[in-house]
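The structure under discussion appears below in the form of structure tokens.
No lab work stands behind these numbers, since they all come straight from the coordinates. Treat the numbers as computed from the prediction; the structure is a model and nothing was measured. Please note: Cβ atoms are built from the backbone with ideal geometry, for glycine as well, and neighbour counts cover all protein chains shown.
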Amino acid sequence: MTISLPNALPTTRPTGCPFDPPAELGRLRETEPVARMRYPDGHLGWVVTGHALARQILADPRFSSRGELRHVPIDVDRFKGKALPPVPRGMFIQMDPPEHTHYRRLLTGQFTVRRMNQLIPRIEQIAEEHLDAMARKGPPAELVHDYALAIPSLVICELLGVPYAERAVFHERTKLMLNLERGDEEVMAAFGEIMAYLGELIERKRAEPADDLLSGLVTGGELDHEELVSFALLLLTAGHETTANMLALGAFALLENPDQLKAFTGDPELVEPAVEELLRYLTITHFGLQRIALEDVEIAGIAIAKGECLQLHTPAANRDPAKFPHPDQLDLGRHASGHLAFGHGVHQCLGQQLARVEMRIGYRKLFQRFPTLRLAVPADEVPMRTKMGIYGVHSLPVTWES
Amino acid sequence: MRVEVDTDRCCGAGMCALTAPAVFDQDEQAGTVLLLTPEPVASEFAAVREAAQLCPAAAITVEESS
């Protein structure tokens, strides 16, 4: 049998377009939407690049999300020769039902469409304050620091009850933890620091509960200390790093597609479909998602053996022409619903409705306030996050006519 | 058209309430699906079919009347 990906998952994006998934995964989807892949630890598993197949596997309970069954798909020094650390209690994204269901249910009521819509005035205010500050300072600006990271960070801090003034503790450390080129010792130290900070924060909530999500979980009494810290870590990191990268990378993509940007700013009705299309087109989960077969399973005529790991490459799947015609075009007018940017199955992103609200407000307000916004450097000089678990830009220098 | 929901399967992603808000809502406390009308009007059919298709937990069943 030929092994289509003999070493690891490709992570660089050499086509010249910083928004496209690695080119070899696109080619693979045309010939072998389920292909053999050798993981760097020697494990012989699979990579799935077809949309329908990835979706089917994500919804199939015969495939597990359990962290201890995983294999690292990318070739980085940090993981070489090391067993994956055990999954902390409460880290429910790496668990299966019914354990996963029990934990997730404690949060689902906090992230409903209605609750997220109630946050709109406050999120608009946060966006406007940051745009005011950018305008006062005058061009140029660095969009990640001045806007894209600030909005979701402040929103998730307020929602959870994390003092925003303490954001440096988790901003710097989560960025370091997601950086695949950092050493294991450095990453584990950062992880230890962030866990210590969150542990102490939970104790503060216990002593003085306020009207916020973490206080509610602390006083609710369903979770012990270790579980509470896991919840806090999950919500805090998932809540700022992902949306921040969508906001900055999305703004970059719109600036690089002036006809689409013109349509976006000219038509308020386009905001909702535009966010779905940017989610599809950019799919920032850089390596996709992972599942492990709990039993022997046949998928699309291919026998997957129990224990084999599957890399469901959602960035490539969201460029499947069978689902989205002309997938490599950013087309804000298309109906992009059904994309896998938030995953699929019972693990589908819990915070997706918050992310949607933040993106709708974030893009709209940015281009309303700065209609002449443009890159301050050539596009190929924008530093891309190719060595990070969440794709995006490290920084985005922009300028405008003041 | 007749719609059924399974709150045990529901994972609270909210795609139904987002896609067909006239037919689906979410429980204020649990966040799980609430079916507002099991027999939606014809103008809602397309949105309901899409909501069922998008539901990540396959918690929505649509029975099309013949």
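Structure values in brief
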read-out: Pairwise label distance in nanometres, B:GLN29 with A:GLU172, each label 7 Å out on the Cα-Cβ vector; value: 4.4 nm
read-out: Shape call, chain A: gyration tensor on alpha carbons, a/c limit 1.5; value: oblate
read-out: Cα centroid separation - segment A:23-38 against segment A:344-402, whole Å; value: 28 Å
read-out: Stokes-Einstein D for segment A:235-393, Kirkwood Rh over Cα pairs, 4 °C, 1.567 mPa s (µm²/s); value: 76 µm²/s
read-out: Computed over segment A:1-152: relative contact order in percent, which uses C-alpha pairs under 8 Å that are six or more apart; value: 16 percent
read-out: Cleavage-rule hits (trypsin sites (Lys or Arg not before Pro)) in segment A:24-70: DSSP loop, at most 15 neighbouring Cβ within 10 angstrom; value: A:ARG62, A:ARG66
read-out: Footprinting exposure proxy for A:CYS17, B:CYS11 (fewest neighbouring C-beta atoms within 10 Å first); value: A:CYS17, B:CYS11
read-out: Anisotropy class of chain B from Cα gyration tensor, a/c 1.5 cut; value: prolate
read-out: Shape call, segment A:310-402: gyration tensor on alpha carbons, a/c limit 1.5; value: prolate
read-out: Overall dimensions of segment A:249-308 by Cα: Rg and Dmax, Å; value: 19.0, 52
read-out: Chain A - percent relative contact order, Cα under 8 Å, separation 6 or more; value: 25 percent
read-out: Lys pairs under 22 Å by Cα in the protein assembly as shown, provided they are eight or more residues apart or on distinct chains; value: 7
read-out: Whole-number percent relative contact order across segment A:324-401, with pairs defined as alpha carbons under 8 Å at least 6 apart; value: 21 percent
read-out: C-alpha center-to-center spacing [segment B:38-66, segment A:231-277] in angstrom; value: 28 Å
read-out: At most 13 other Cβ within 10 Å, DSSP loop - trypsin sites (Lys or Arg not before Pro), segment A:300-344; value: A:LYS306
read-out: Percent of Cα-Cα distances greater than 19 Å, calculated over segment A:190-281; value: 56 percent
read-out: Peptide A:367-376, shielding by other chains (average Cβ, 10 Å cutoff); value: 0
read-out: Whole-Å distance, taken between Cα centres, linking segment A:99-119 and segment A:194-230; value: 17 Å
read-out: When segment A:128-223 is reduced to its Cα atoms, the Kirkwood hydrodynamic radius in Å; value: 15.4 Å
read-out: Inter-label distance for A:ALA196 and A:ALA379, nm, one decimal - labels placed 7 Å from Cα along Cα-to-Cβ; value: 4.5 nm
read-out: Helix B:45-54 vs. chain B, principal-axis angle (Cα, 0 to 90°, nearest 10); value: 40 degrees
read-out: Inter-site label distance for A:THR12 and A:GLU186 at 7 Å from Cα along Cβ, in nm; value: 2.1 nm
